[in-house]
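Colleague: Let me begin by handing over the structure; questions about it come next.
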Amino acid sequence: MGSFQLGIVLPLMQYGPDRVTARWPDIRALAVRAEEIGFDTIWTPDELLWVYPDRPAQGCWDGISMIGAIAAVTSTATVGTWVLSALHRNPGIIAKTVETLDEISGGRFVFGLGAGHVWPGQAHAFGLPEDHVFDRFEEALDVIIPLLRGGHADFEGIWHAARDLRQQPVGPRPNAVPILIGGNGPRGQRAAARHAEIYSCYIEERAHVDEAAPRLASLDAICAEIGRDPATIGRSVGMYVDPTLVDGTRPSRLSGTTEEMADAVRSFRAVGFTRVELMLDPGTMPALDALAPVLELIRAD
């Protein structure tokens, strides 16, 4: 599947107790700098509004608009959604959005997709469905995949429909935009094995290879079951990274010295991951710059 890839997920959420908002000039500067540092892919998340019962809500810029803007101000890094929520949008329009983003980026777009989630309160607040989330996702794939891989979909389901729908216009890579499907469970892995070029999982509790490695074994088992060569699917893992932490007080975040962070990333590569996606937190230029020597050490291998 090619060389080992490193991605950066830019923070679009409001942060801190005062809910500080990252403005576009700051996001643009982070994207340009991430490309200069040498990240292979620049990603945006796809969240809406996190509504908590005990503290102020936490908003997020629209990840689709932002990745389009980032595509327009970068030129060499691939850009992508990590990961677009199928719960938030009509599947036919998702496929159209993908073609549009590939057009804007000049063929540099990676389409990351997931089932989405209802927590914390965002689906309810926006009037989005709150039930059968993965069933809806699997049905959405029956529209999205035919459009992206064959240019046409004709499907009538319980939740989604595409009626003699044509994928028009198409971008610079018709039928060939790479697809990443994310999910930690077996249904997400099965969807990736059936449809995607890349499978992606994410760290929940501990930014350590021991948490993520078992997911590769289950992915291989699913590939064997459905008859897919496991060597043909990329393997991605995402995690928060906080270069300002040196004491390990937040185990779900990759942190430590430059050498420790580089060694941790190498450990994921050693067990078979082909990509690592780093969710930058805090989303500041000093935090991003602190990752530059980490990339240098990994690239020097």
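The values are calculated or read from the model by the stated rules, or taken from the named source; none is laboratory data. Just so we're clear, the structure is a prediction, and the values are computed from it rather than from any experiment. Note that we place each Cβ from the backbone using ideal geometry, even for glycine, and neighbour counts take in every protein chain shown. What goes into the accessible areas is simple: the full protein's heavy atoms, side chains included, and nothing from ligands, DNA or RNA. Shrake-Rupley method; radii C 1.70, N 1.55, O 1.52, S 1.80 Å.
Colleague: Among the candidates Arg163, Arg187, Arg173, Arg194, which residue alone is surrounded by fewer than 19 Cβ atoms within 10 Å (Cβ to Cβ) and in a loop (DSSP other than H, G, I, E, B)?
Modeller: Going through Arg163, Arg187, Arg173, Arg194 in turn, the sole match is Arg173.
Colleague: Looking only at segment 3-29, which residues are part of a loop (DSSP other than H, G, I, E, B) and touching a helix residue (DSSP H, G or I) at 6+ places or on another chain (Cβ under 9 Å)?
Modeller: Within segment 3-29, Phe4, Leu10, Pro11, Leu12, Ala22 meet the criteria.
Colleague: Ok, one more. Taking the criterion of being surrounded by 19 or more Cβ atoms within 10 Å (Cβ to Cβ) and among the aliphatic types (A, V, I, L, M), would at least one residue in segment 14-26 satisfy it?
Modeller: Yes - at least one qualifying residue is present in segment 14-26.
Colleague: Which numbered condition trips up Ala153, out of (1) of a type in the set (A, V, I, L, M); (2) open to solvent by less than 20 Å² (accessible area, probe 1.4 Å); (3) under 18 Å from Val110 (Cα atoms)?
Modeller: Of everything listed in (1) of a type in the set (A, V, I, L, M); (2) open to solvent by less than 20 Å² (accessible area, probe 1.4 Å); (3) under 18 Å from Val110 (Cα atoms), Ala153 misses just condition (3).
Colleague: Filter segment 210-229 for residues that are open to solvent by less than 20 Å² (accessible area, probe 1.4 Å) and either of a type in the set (Asp, Glu) or closer than 14 Å to Gly272 by Cβ (or both) and give the result.
Modeller: Result: Ala212, Leu216, Leu219, Cys223.
Colleague: Of everything in segment 59-104 that's acidic (Asp, Glu) and surrounded by fewer than 18 Cβ atoms within 10 Å (Cβ to Cβ), which residue is farthest from Trp119 (Cα to Cα)?
Modeller: Glu103
Colleague: Moving on to the next point. Pairs needed: first member in segment 248-266, in a strand (DSSP E or B); second member anywhere, buried (at least 16 other Cβ atoms within 10 Å of the Cβ) and not hydroxyl-bearing (Ser, Thr, Tyr); C-beta distance under 6 Å; at least 6 residues apart or different chains.
Modeller: Every condition considered, the pairs that remain are Arg253/Ala207; Arg253/Asp242; Leu254/Ala207; Leu254/Met239; Leu254/Val241; Leu254/Met261; Leu254/Ala264.
Colleague: Please go through segment 40-51 and pick out each residue that is closer than 21 Å to Val73 by Cβ, open to solvent by 10 Å² or more (accessible area, probe 1.4 Å) and not acidic (Asp, Glu).
Modeller: Across segment 40-51, the qualifying residue is only Pro45.
Colleague: Quick one: in segment 247-278, which of the residues that are modelled with pLDDT of 95 or more and basic (Lys, Arg) is most open to solvent (accessible area, probe 1.4 Å)?
Modeller: By that ranking, first place goes to Arg269.
Colleague: Another question about this same structure. Take Ser200 and decide whether it is polar (S, T, N, Q), within 30 Å of Ala22 (Cα to Cα) and touching a residue at least 60 places away in the same chain (Cβ under 8 Å).
Modeller: In short, yes.
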